[in-house]
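Below: the structure, in structure tokens.
Every read-out reported here was derived from the displayed coordinates using simple, explicitly stated rules and does not represent laboratory data. On a predicted model such as this, the values are computed, not experimentally measured, just so you know. Every residue, glycine among them, receives a Cβ derived from its backbone with ideal geometry; neighbour counts consider all protein chains shown.
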Amino acid sequence: MMEALAKSRYIRQSPRKMRLAVDAVRGQKVGNALNYLHFSPLKASAILEKTLRSAVANFMQKSEGGNVDPEGLKIKEIFVNGGPVMKRFRAASMGRAARLRKPSCHINIVVTDE
């Protein structure tokens, strides 16, 4: 049994929104997950699809030319952690300043051949 890991870091989207897409594909076969992510309207799904494709490519690279069917792989582990938050200010009424929080997140995906 072999595994491969892919990470995407400092993604400019909140972890909470990213987890909506992550929870939908957790534990699925790679083919089904890629199909779901490709046609999902969420912004997070495009980033997740790219990271998942990277994990599959890493797996193929590890197997050293062995005939591996990407459709047969499974998502063993997928999770989102919070990254640093950019803090900015915007002008508000009556001379005040309103704080803007611009969160980021990190994604980890592990694929396995079961």
| query | In region 84-106, which residue that is touching a Lys or Arg at 6+ places or on another chain (Cβ under 7 Å) and in contact (Cβ under 8 Å) with a residue 24 or more places away in the chain is nearest to residue 58 (Cα to Cα)? | reply | 106
| task | Note down all Cβ pairs under 6 Å where the first residue falls in region 35-50 and is touching a residue at least 12 places away in the same chain (Cβ under 8 Å), the second is part of a helix (DSSP H, G or I) and of a type in the set (Asp, Glu), and they're at least six residues apart or on different chains. | result | 37/49
| request: Please go through region 38-56 and pick out each residue that is surrounded by 15 or more Cβ atoms within 10 Å (Cβ to Cβ) and either closer than 20 Å to residue 103 by Cα or in contact with a Cys (Cβ under 7 Å, 6 or more places away or on another chain) (or both). | output: 42, 44, 45, 47, 48, 51
